[in-house]
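J.: Let me give you the structure first, and then I'll get to my questions.
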Amino acid sequence: MSALSETTPEYKTITPEPVSGALGAEITGVDLSNVADEQLDEIHRAFLQYHVIFFREQTLTPEQHIAFGKRFGTLHIHPYVKGMDGHPEVMEIIKEPTEKVNFGGGWHTDISFQEKPVLGSVLYALEVPSFGGDTLFANQHLAYDRLSQGMKDLFAGRLAVHSSEREYGAAGNSALKRKSMAIEQVGAEVEEFEHPIFRTHPETKRKALYVNPAFTIRIKDMTRTESRPILQYLYEHATREEFTCRFRWQPGSVAFWDNRSVQHYALNDYHGQRRHMRRVTINGDRPF
Ligand code: SIN
């Protein structure tokens with residue numbers, strides 16, 4: 001199978017322009033605060049075809065951002081990151097000029113540490129640095145497709161264990177050392193959830209590699225030590241350059257990615273400048 005879907009759906013109301021051979025398309029001529037049903041259907045098709053879609057020059061109030069997200073499902077409320085006052089489903093992702101650590105600054109799949117993986121995230125840029133702060137995306141269907149048959153056979157039907165401990169736990173990483181976002185620390189008991197290493201996309205039925213270095217802690221029925229080199233190999237494979245695209249933000253840009261199909265990475269190369277984004281995350285409970 002090619003990087004992008006084999007069949008090219010026909011579009012009448014939008015013109016998606018691919019941004020790389022692996023995934024991603026920019027869509028112009030859409031006002032996300034006012035999307036008609038036919039256009040929404042095509043946006044949904046482009047989302048499934050390209051796995052991450054980009055829009056420019058949008059102006060979204062938190063209410064409009066929520067309303068767009070809700071066209072695809074119910075919205076997720078992050079268990080550790082406090083949302084906007086009055087809008088708990090809107091996460092403000094901010095890095096101040098004085099801060100060194102950013103949010104999402106490593107390859108990850110949003111919310112894989114919970115029982116029900118989320119459908120997607122809609123990220124809207126309000127303020128961006130004059131350089132840097134791009135976001136990278138990696139196509140996990142392509143990562144699955146390009147594994148050898150031996151690797152596919154080895155891990156078919158196997159589960160991996162995911163947890164929030166590394167990012168949000170007491171011994172966890174830097175997320176908590178930030179001042180600009182209210183991020184809670186996980187309690188002593190961190191829940192663990194199992195997901196297939198090769199997860200089937202509920203809409204397209206394509207298989208995707210579904211392990212990530214932020215939240216996957218081991219392979220089920222293996223110790224962490226045993227799992228580590230295998231997972232390390234899979235992480236490196238998952239983010240090979242030819243599976244990726246890179247998005248350069250402007251104020252008003254929006255990225256809408258499919259968490260069932262991609263990993264992403266917020267680059268942290270703009271110290272001394274401010275970056276302010278807002279994200280809503282759509283639950284994976286849409287009835288298809
Ligand atoms: C995230 O991981 O959702 C943040 C991505 C970004 O800020 O570019």
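J.: Given H placed on each backbone N at 1.01 Å, which residues far from residue 75 in sequence or on other chains put an amide H within less than 5 Å of it?
T.: Correct list: 283.
J.: From the P(r) of the chain, can you give the percent of Cα pairs sitting at distances over 28 Å?
T.: Of all Cα-Cα distances in the chain, 34 percent exceed 28 Å.
J.: So what J values fall out for the stretch 266-278 if you push phi through Karplus, 6.51 cos²θ - 1.76 cosθ + 1.60 with θ = phi - 60°, rounded to Hz, Gly and Pro as x?
T.: Listing the rounded values in order: 8, 5, 10, 10, 9, 3, x, 10, 9, 9, 9, 10, 10 Hz.
J.: Another question, if that's okay. Considering amide H positions built from the backbone, and no H for Pro or chain starts, which residues 5 or more places from residue 120, or on another chain, come under 5 Å of its amide H?
T.: Long-range HN contacts for residue 120: 259, 282.
J.: Further question on the same structure: Under a point-charge model restricted to the Cβ atoms of Lys and Arg (+1) and Asp and Glu (-1), what is the dipole moment magnitude of the stretch 1-136 relative to its Cα centre, in debye to the nearest 20?
T.: For this selection, approximately 280 debye.
J.: Show me, for the stretch 92-103, the HN-Hα J-couplings you get by feeding each phi into the Karplus relation (A = 6.51, B = -1.76, C = 1.60, θ = phi - 60°), rounded to Hz, glycine and proline as x.
T.: Here the 3J(HN,Hα) series is 9, 10, 10, 10, 7, x, 7, 8, 10, 9, 10, 8 Hz.
J.: Among all stretches of the chain without exposed GluC sites (Glu not before Pro) (DSSP loop, at most 11 other Cβ atoms within 10 Å), which one is longest?
T.: Within the chain, the longest run free of exposed GluC sites (Glu not before Pro) spans 11-114.
J.: How far apart, in nm, are the 7 Å Cα→Cβ label points at residue 100 and residue 205?
T.: Label-label distance for residue 100 and residue 205, simple model: 5.1 nm.
J.: Could you point to the residue in 97, 118, 79 farthest towards the positive end of the stretch 61-130's charge dipole, with +1 and -1 charges on the Cβ of Lys/Arg and Asp/Glu respectively?
T.: Ranked along the dipole, the leading option is 118.
J.: Would you please give the residues with an amide H less than 5 Å from that of residue 217, counting only those at least 5 places away or on a separate chain, with H modeled from the backbone geometry?
T.: 161, 162, 163
J.: If you place +1 on the Cβ of every Lys and Arg, -1 on the Cβ of every Asp and Glu, and leave all else neutral, what size is the dipole of the stretch 15-282 about its Cα centre, to the nearest 20 Debye?
T.: 580 debye
J.: Another question about this same structure. Can you give the local net charge around residue 126? Use residues other than it whose beta-carbon is closer than 11 angstrom to its beta-carbon, Lys and Arg +1, Asp and Glu -1.
T.: Neighbourhood net charge equals +1.
J.: What percent of all Cα-Cα pairs in the stretch 1-137 falls in each 5 Å bin, counting up from 0?
T.: Result returned by the calculation: 2, 8, 16, 20, 21, 18, 10, 4, 1, 0.
Any read-out appearing in this document is the output of simple, stated calculations on the displayed coordinates, not a laboratory observation. Just so you know, these numbers come straight off a predicted model, no measurement behind them. Virtual Cβ from ideal backbone geometry, glycine too; neighbours counted across all protein chains shown.
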